[in-house]
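Please treat every number below as a calculation from the coordinates, not as lab data. No experiment lies behind these values; they were computed from the predicted model shown. Neighbour counts run over all protein chains shown; Cβ positions are idealised from the backbone, glycine included.
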Amino acid sequence: MQSGLNGIKTIEEFDLKNKTLFMRVDFNVPMEEGKIVDDLRITAALPSIQYALDKGAKLILASHLGRPKTDEDRKKLSLEPVAKRLGELLNKEVLLMDSPEGNAPKAILPGLKSSQIIMLENLRFAEGETKNSIELAKQWASYTDVYINDAFGASHRAHASTDALPQLITDKGVGFLIKKEIEMLDKVLYSQEKPFTAVLGGSKVSDKIELIENLIDKVDSFVIGGAMAYTFLAAQGIAVGSSRIENSKIKLAKELIEKIEFKNKKVILPIDHVIVQELKAGAEHKNTDGPSIADSWMAVDIGPKTRERYAFEVSASKTLLWNGPMGVYEIPPFHEGSYAVAKAFARNEHTTVIGGGDSAAVTKAANLEDKMTHISTGGGASLEYLQGSQLPGLKVLKA
Ligand code: ADP
Ligand code: MG
């Protein structure tokens, strides 16, 4: 069967006893004023971490956090709160190195106790990380026996920790999180139960063109909301007022609709909207009667009739993929359309997969996380994978 995991080993295939295991994890958690807002990415990596410890590995964890540029950023983006949280979760001592570079781990490794884990400081404090530096990778390789990538959210980037390092290591593979992520996305791409509906939204058509192209032959219907819907409506000659559209993509949207319909697939667009004259919290808003929008009004969410229509489409499907919110969900009450989709997904008992950072955030805000088959921990990585791209962080692991 076609799978992104073909030719790639998993953590279970290595003898880890007393081996130094360099594990790339994605601890790029949302932080506010030095506090972790959501530790999903930490808990999602626990199965691999726990497994490695149970098997007697000497564990070195490596992650980036945010995009440090200035010295001020460096203070804010230390992995210290993450190390602390992980220590609590595992009941182990997490030794945070001052720097992601250098030989400090080498000195500590021989005496490392089974109650201790090494964690490198924010990888992006090292200039070579985003530059995919071989020099930096050589430092890490000098003390690494086995390399495991479990950082799904970073696997679409060829950086020193995801590409240059595994190039230098023979014993390499993926952890349980990446395995699960890819298995779920593979199910959607290659062995989906029909009918398969892709609910797409978010800010731009241009972000999702390749996704639509790659899914055309696989889905039965596209259900489209969010700002991208207005470029599609404009392509059909419907008045969209001052809604956010991409003028340069109208022609392409028209071609995409023709292509989808030519393949006998459905493309379902909003039939009513929530509109405002000014986009701000507390803005006066109203619903339109039909699809067209008067001058100087902009659509900020799908309307009640559309929500019902979309929920019906979702209820009639056996494979569901959601990427991109239906409205400006950050400003209530314009989250209602996205909540309606989240609720319809939650009610569906078949396969429901959510990719996309903002769609995951909506699902969490609606408190429906537990009701989904899978919520991806990597918005960018899942989008690229669903587009049909090879993720560099996986490609390098192929034997
Ligand atoms: P995801 O992260 O799930 O892939 P995107 O990043 O593509 O989603 O899009 C999310 C953004 O789209 C949100 O910030 C949201 O405010 C915006 N958005 C959705 N609908 C509209 C709309 N009608 N007008 C303007 N922005 C919108
Ligand atoms: Mg987003």
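To the nearest 20 Debye, how big is the dipole of region 1-140 about its Cα centre, given +1 on the beta carbon of each Lys and Arg and -1 on that of each Asp and Glu?
On the way: 21 positive and 21 negative charges, 69 e Å.
Around 340 debye, computed over region 1-140.
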Tell me the mean residue ellipticity at 222 nm calculated for the chain from its helices only (DSSP H runs of n ≥ 4, each -39500 (n - 2.57), averaged over every residue, nearest 500).
-10000 deg cm²/dmol
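How do 54-60, 336-342, 73-79 rank on mean C-beta neighbours within 10 Å, highest first?
Details: 54-60: 19.4, 336-342: 26.0, 73-79: 16.7.
The peptides rank, most packed first, as 336-342, 54-60, 73-79.
Would you work out the charge dipole size for region 188-229 about its Cα centre, treating the Cβ of every Lys and Arg as +1 and the Cβ of every Asp and Glu as -1, and quote it to the nearest 20 debye?
Working: 4 positive and 6 negative charges, 22 e Å.
Magnitude of the dipole: close to 100 debye.
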Find out how many positive minus negative residues lie around Leu256, taking Lys and Arg as positive, Asp and Glu as negative, among other residues whose Cβ is under 14 Å from that of Leu256.
+1
Could you tell me whether region 217-324 comes out rounded, prolate or oblate from its Cα gyration tensor? Rule is a ≥ b ≥ c as square roots of the eigenvalues, rounded for a/c under 1.5, then prolate if a/b exceeds b/c, otherwise oblate.
oblate
Of the cross-linked pairs Lys75/Lys204; Lys84/Lys204; Lys55/Lys106, which ones have a Cα-Cα span greater than 31 Å in the structure shown?
Lys75/Lys204; Lys84/Lys204
Principal-axis tilt of helix 205-215 within the chain, Cα atoms, nearest 10 degrees
80
Could you tell me which trypsin sites (Lys or Arg not before Pro) in region 188-270 are loop residues by DSSP with no more than 12 other beta carbons within 10 angstrom of their beta carbon?
Lys263
Mind checking which aspartates and glutamates have their C-alpha under 13 Å from Lys76, skipping anything on the same chain fewer than 8 residues away?
Glu32, Glu33, Glu121
Please determine, in degrees from 0 to 90 and to the nearest 10, the orientation of helix 40-54 with respect to the longest principal axis defined by the Cα atoms of the chain, where the helix direction is its Cα long axis.
30
Rank Ala107, Val274, Ile11 by how far each Cα sits towards the positive end of the charge dipole of the chain (+1 on Lys, Arg Cβ; -1 on Asp, Glu Cβ) and give me just the farthest.
Ile11
Partner aspartates and glutamates for Lys364 [C-alpha distance under 15 Å; skip if fewer than 8 residues away on the same chain]:
Asp38, Asp39, Glu330, Glu336
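Cβ neighbours within 10 Å, averaged per peptide: list 389-398, 133-142 in order, most packed at the top. Provide the component values of the computation, followed by the final result.
On the way: 389-398: 19.5, 133-142: 17.8.
Highest-to-lowest ranking by the protection proxy: 389-398, 133-142.
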Separation of region 242-314 and region 352-399 by C-alpha centroid, Å?
25
Taking a ≥ b ≥ c as the square roots of the eigenvalues of the Cα gyration tensor of region 297-367, is the shape rounded (a/c under 1.5), prolate (a/b larger than b/c) or oblate?
oblate
What fraction of the DSSP beta bridges in region 237-355 is antiparallel, stated in percent and rounded to the nearest 5?
60
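Decide, for region 244-378, between rounded, prolate and oblate: order the square roots of the alpha carbon gyration tensor eigenvalues as a ≥ b ≥ c, take rounded if a/c falls under 1.5, and otherwise choose prolate if a/b is larger than b/c, else oblate. Working shown, then result.
Values: a/c = 1.72, a/b = 1.16, b/c = 1.48.
Here region 244-378 falls in the oblate category.
Quick one: work out the % antiparallel among DSSP beta bridges in the chain, nearest 5.
Working: 9 of 47 bridges.
Among the beta bridges of the chain, antiparallel pairing accounts for roughly 20 percent.
Are any of the pairs Lys187/Lys259; Lys194/Lys305; Lys265/Lys286; Lys92/Lys187; Lys35/Lys286 more than 28 Å apart by Cα-Cα distance, and if so, which? Walk me through the numbers before you get to the answer.
Values: Lys187/Lys259 24 Å; Lys194/Lys305 25 Å; Lys265/Lys286 32 Å; Lys92/Lys187 36 Å; Lys35/Lys286 38 Å.
As for pairs spanning more than 28 Å Cα to Cα, those are Lys265/Lys286; Lys92/Lys187; Lys35/Lys286.
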Counting Lys and Arg as +1 and Asp and Glu as -1, each charge on the Cβ, what is the dipole of region 209-262 about the Cα centre in debye, to the nearest 20?
240
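How many percent of DSSP beta bridges within region 1-149 run antiparallel, rounded to 5?
Numbers: 2 of 17 bridges.
For region 1-149, the DSSP antiparallel bridge percentage is about 10.
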The chain: angle of helix 176-190 to the longest principal axis, Cα-based, in degrees nearest 10
30
Among Val314, Ala299, Pro325, the residue whose Cα sits farthest towards the positive end of the charge dipole of region 299-342 (+1 at Cβ of Lys and Arg, -1 at Cβ of Asp and Glu, taken about the Cα centre) is Val314
